[in-house]
Structure formats: C-alpha cells, structure tokens
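The values are calculated or read from the model by the stated rules, or taken from the named source; none is laboratory data. No experiment lies behind these values; they were computed from the predicted model shown. Cβ placement follows ideal geometry from the backbone for every residue including glycine, while neighbour counts extend to all protein chains displayed. In case anyone asks, the SASA skips ligands and DNA or RNA and just uses the protein heavy atoms, side chains included. Shrake-Rupley method; radii C 1.70, N 1.55, O 1.52, S 1.80 Å.
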Amino acid sequence: MNWANESSSKDFILLGFSDKPWLQTPLLVLLLISYTVTIFGNVSIMMVCILDPKLHTPMYFFLTNLSILDLCYTTSTVPHMLTNICRNKKTISYGGCVAQLIIFLALGATECLLLAVMAFDRYVAICRPLHYIVIMNPKLCLKMVAFSWLTGFSNSVLQSSLTLNMPRCGHQEVDHFFCEVPALLKLLCTDTKPIEAEFFFLGVLILLIPVTLILISYGFIAQAVLRIRSAEGRRKAFGTCGSHVAVVSLFFGTSIYIYLQPPASTSKDWGKIVSLFYGIFTPMLNPLIYSLRNKDMKDAFKRVLPIILFYKK
C-alpha cells in the first residue's frame with residue numbers, strides 16, 4: 001500500500017518549531033532576509049555573467065547554472081515556509097509535499113554534481129592552463145551541465161518513489177519545516193532499515209563521490225599553486241579557488257550530516273537547523289562569496305551596472 005492510496009486527499013502537518021512559538025518571529029525575519037538576499041544576489045550574478053562578454057567563459061557558465069539552481073532550490077521551500085509561519089494551521093497538501101520532495105531532492109543532487117564540475121574546471125585552468133580552451137570547450141561544458149541536471153532529477157525520482165511507496169499508517173505530522181526524506185521516513189510504520197540502506201548507497205554516490213573528486217582536484221591544484229614562484233600569482237590562484245572551497249565546505253558538510261546517517265540518530269531540532277542551513281542559507285551565501293571574493297566579478301559589476309541603469313532610463 002503506498003501513500004497515494006492511503007490518504008492522498010489529506011494535508012500533512014509541518015510541525016517545524018511549533019513547540020517553540022517564541023522562535024516564530026525571529027525565524028520569519030531571518031527567512032525573509034535570506035530569501036531576499038538569495039533572489040537579489042543570484043539574479044545579479046546571472047545578469048552580470050550574461051551581459052558582460054568578459055565573463056563568457058566556462059567558469060562563469062557554471063556559475064550561472066549554480067545561481068539558477070540556487071534560486072529554484074530556495075523557492076521550492078521558502079515561500080511555503082513563510083506562509084506557514086504566518087498562520088496557525090501549518091499544513092501542506094499531499095501533492096504539494098510530493099512536488100516539494102521531488103524538486104528539493106533533484107536540485108540538491110544537481111548542486112552536488114555541479115560543484116564537482118566546477119572543481120574540475122578550476123583543476124584544468126590551473127594545472128593545465130595551455131590546454132584549457134581545448135579541454136573546456138563549449139560542447140564538453142554543455143554535456144557536463146546536462147549530466148548534472150539529468151542525474152540529479154533521476155536520483156530524485158528514485159528516492160521519491162522509494163519514500164512514497166512505503167506505508168505510513170495514516171501518520172500526517174511531519175516534524176520539519178518542509179517535506180524532506182529523513183523527516184518523511186520517520187512517518188513510516190514498517191521496518192525502515194532496508195530503505196535506509198538504499199538511501200545510504202545513493203547518498204554515497206551523490207555526496208561522497210563528488211566531494212572525493214573535489215578534494216582530489218584541489219589536491220592537484222594546491223601542488224600546482226605552490227610551484228608558482230610569484231607570490232602574486234599564488235595569491236590570485238588561491239583567491240580564484242577559495243570561493244569554490246568555501247561553498248563546497250558549507251554545502252557538503254551539512255548535507256553529509258543529514259543524509260549519511262540514520263534519521264533516528266539525528267537530533268530533532270539540530271537536524272532542522274542543519275537542513276535550513278544547506279537548503280536556505282548556503283544558496284544565500286553563494287552569490288556573496290563569489291562576488292565579494294572574486295575580483296573579476298566585482299569588476300564586471302562595475303562595467304555592467306551603468307549599462308543597466310542607462311537602459312532603465
């Protein structure tokens with residue numbers, strides 16, 4: 001018996017921090033600020049990367065995809081969270097929960113793979129600079145981005161199907177802010193060990209393999225940078241890669257904590273906080289990290305801003 005046959009017409013109750021009403025207002029303000037910054041920051045990066053010809057390179061092509069992804073990632077959860085915080089009955093329909101689960105899983109997995117692709121791009125740029133244009137040609141860049149998106153959505157369909165086809169015996173209270181796999185697994189009224197093992201295997205493929213490839217890439221990058229005689233050259237190389245390392249650390253660290261351990265072993269409130277961090281705050285920090293730490297991006301903003309202002313006039 002699957003979830004759809006059990007009670008597809010009933011709403012789910014999203015508990016969030018309903019047992020801590022004093023947190024509702026601070027959380028509302030925090031979500032509003034972070035979502036506003038996420039929209040403004042990611043849209044700005046997309047516009048600058050598109051409008052500035054100097055940024056029409058593989059690195060900024062991948063960055064544009066990351067901005068699109070982060071924008072959709074937060075939009076799949078935050079608007080509904082804001083609505084629920086402002087009302088007494090914190091619910092989501094069955095269809096809305098399914099859609100949220102599929103989109104959140106798909107975009108999260110896609111980001112894991114896209115960050116690995118971006119690490120490979122930096123490896124080629126620093127370790128094989130003379131062959132960079134040949135290796136990172138437009139055809140290969142499109143293939144890598146397409147692979148990331150297709151694999152992410154394929155993983156989402158598989159994980160969502162596994163979760164939604166298990167019996168939950170009428171349980172409707174989701175102890176989370178949104179529909180996420182670890183929280184939904186706690187509703188099941190059957191032995192969850194087999195499905196947890198399958199999710200762990202998928203988590204290794206989607207999380208550990210990309211992060212391992214990223215670490216290997218940056219190991220080679222560090223060796224190459226240390227061989228640079230010029231202190232200015234080393235500083236520029238480390239500065240270029242520093243943004244990506246910061247994003248990887250934030251995103252993978254929190255995601256691995258949630259998805260590579262049994263749901264029962266995760267602290268109830270701590271798991272919610274960590275999910276908020278990688279699902280909402282990391283997409284907000286991405287554009288800030290890339291724009292504030294990247295000289296090319298800051299210069300591009302200076303060139304593009306007058307064009308936008310003039311066009312509005």
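The set of residues in the range 217-252 that are of a type in the set (Ser, Thr, Tyr) and at pLDDT 75 or above comprises Ser217, Tyr218, Ser249.
Taking the range 52-64 as the range and being within 19 Å of Ile135 (Cβ to Cβ), in contact (Cβ under 8 Å) with a residue 60 or more places away in the chain and open to solvent by 20 Å² or more (accessible area, probe 1.4 Å) as the test, the residues that pass are Pro58, Met59, Phe61. Look at the range 1-51 and say how many of its residues are open to solvent by less than 20 Å² (accessible area, probe 1.4 Å), modelled with pLDDT under 75 and either β-branched (Val, Ile, Thr) or in contact with a Ser or Thr (Cβ under 9 Å, 6 or more places away or on another chain) (or both). Total satisfying the criteria: 1.
Across the range 192-216, the number of residues qualifying as modelled with pLDDT under 85 and among the acidic types (Asp, Glu) comes to 1. For the condition β-branched (Val, Ile, Thr), in contact (Cβ under 8 Å) with a residue 24 or more places away in the chain and open to solvent by 50 Å² or more (accessible area, probe 1.4 Å), Ile102 qualifies. Per the conditions (1) under 13 Å from the mean Cα position of the chain (by Cα); (2) crowded, with 19+ Cβ neighbours inside 10 Å, the sole criterion not satisfied by Val117 is (1). Is it the case that the range 36-52 has a residue that's over 23 Å from Leu285 (Cβ atoms) and more than 23 Å from the chain's Cα centre (by Cα)? Within the range 36-52 (the criterion being over 23 Å from Leu285 (Cβ atoms) and more than 23 Å from the chain's Cα centre (by Cα)), the answer is yes, since at least one residue qualifies.
Listed by first and then second residue, the pairs with beta-carbon distance under 7 Å, at least 6 apart or on different chains, first residue in the range 209-230 and of a type outside the set (A, V, I, L, M, F, W, C), second assigned to a loop (DSSP other than H, G, I, E, B) and open to solvent by 30 Å² or more (accessible area, probe 1.4 Å), form an empty list. Listed by position, the helices (runs of 4 or more DSSP H) contained in the range 120-223 that have at least 2 residues being open to solvent by less than 30 Å² (accessible area, probe 1.4 Å) and in contact with an Asp or Glu (Cβ under 9 Å, 6 or more places away or on another chain) are 138-164, 181-185. In the range 119-133, the residues that are over 12 Å from Phe220 (Cα atoms) reach residues that are outside any helix (DSSP H, G or I) with C-beta atoms within less than 8 angstrom, at least six apart or across chains, in these pairs: Asp121/Met136.
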